[in-house]
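Below is one structure, written out as structure tokens, with a few remarks after it.
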Amino acid sequence: EDILKDHPEVEEVLNKLIYDVFIKKPAYEMIKRVLNGESPSGIYKITYIPTGESYIGKSTNVNKRWQEHLKSAYNLSSIAHSSLHTKMARDGVWNFTFELIEKVEKDKLNEREKYWINFYDTKKYGLNEKEGG
């Protein structure tokens, strides 16, 4: 009998515990190092290290968005769960890199996200499920 199937609240508690103990502090340190303590609006890239597959995203607050992606891998976020998050959960968030590609004003985010998805062709060869924008 699978206790997690019969008691989803147990899975939620375990996911919160795993996130709080093993993910939260290293994620905070990584974000602080990569973004120099800023919370920019812009285009970011998440790369799966073993294959080099990437995901391009946009946000008015990249700092917060990266945290939401990490939480989503543990079903702790309000953002839509995608194949990226399934891969993060299955293979470990430590197998992914995060980088800011471009700081972008809010009104240009859609246009620039489409540009970078096309540039890296992440819909065909990466982890984006949509064209962006």
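Things to note:
- Where chymotrypsin sites (Phe, Trp or Tyr not before Pro) fall in DSSP loop in the range 1-109, at most 16 other Cβ within 10 Å: none
- Contact order relative to length of the range 1-85, as percent, for alpha carbon pairs under 8 angstrom and 6 or more apart: 24
- In summary, the lysines within cross-link reach of Lys71, defined as a Cα separation below 20 angstrom excluding same-chain residues under 8 places away, comprise Lys16, Lys24, Lys25, Lys32, Lys45, Lys58, Lys87.
- Taking one quarter of the surface of the convex hull spanned by the alpha-carbon atoms of the range 1-97 gives a direction-averaged projected area of 6.7 nm².
- Of the residues Ala89, Ala27, Ala80, the one that moves most in a GNM of the chain with alpha-carbon contacts below 10 Å is Ala80.
- Extension gain from His7 to Leu76, taking 0.36 nm per residue of separation minus the Cα-Cα distance: 23.2 nm
- Cα pair distances in the range 89-133, grouped into 10 Å bins until the bin that holds the longest one, percent each: 24, 47, 27, 3
- Overall dimensions of the range 55-100 as given by Cα atoms, namely Rg and Dmax in Å: 9.9, 28
- When +1 charges are put on Lys and Arg Cβ atoms and -1 charges on Asp and Glu Cβ atoms, the dipole computed for the chain relative to its Cα centre reaches about 520 debye.
- Förster-model FRET efficiency, 22 Å R0, Lys130 and Lys106, C-beta, rounded to 0.05: 0.65
- Cα centroid separation - the range 106-133 against the range 28-77, whole Å: 15
- Carbon and sulfur %, accessible surface of the chain computed with the full protein complex present, 1.4 Å: 50
- Helix-only [θ]222 nm of the chain, DSSP H runs n ≥ 4, -39500 (n - 2.57) each, per residue, nearest 500: -13500 deg cm²/dmol
- Rg to Rh quotient for the range 1-53, alpha carbon positions, Kirkwood Rh: 1.15
- Most mobile of Gly42, Gly57, Gly92 in a GNM of the chain (Cα contacts under 10 Å): Gly92
- Annotation note: GluC sites (Glu not before Pro) in the range 29-133 located in DSSP loop regions with a Cβ neighbour count of at most 13 within 10 Å are Glu105, Glu129, Glu131.
The values are calculated or read from the model by the stated rules, or taken from the named source; none is laboratory data. As the structure is a computational prediction, the values presented were derived from the model and not from experiment. Cβ sites come from the backbone with ideal geometry, for glycine too, and all protein chains shown count toward neighbours. Calculation scope for accessible area: heavy atoms of the full protein, side chains included, ligands and nucleic acids excluded. Shrake-Rupley method; radii C 1.70, N 1.55, O 1.52, S 1.80 Å.
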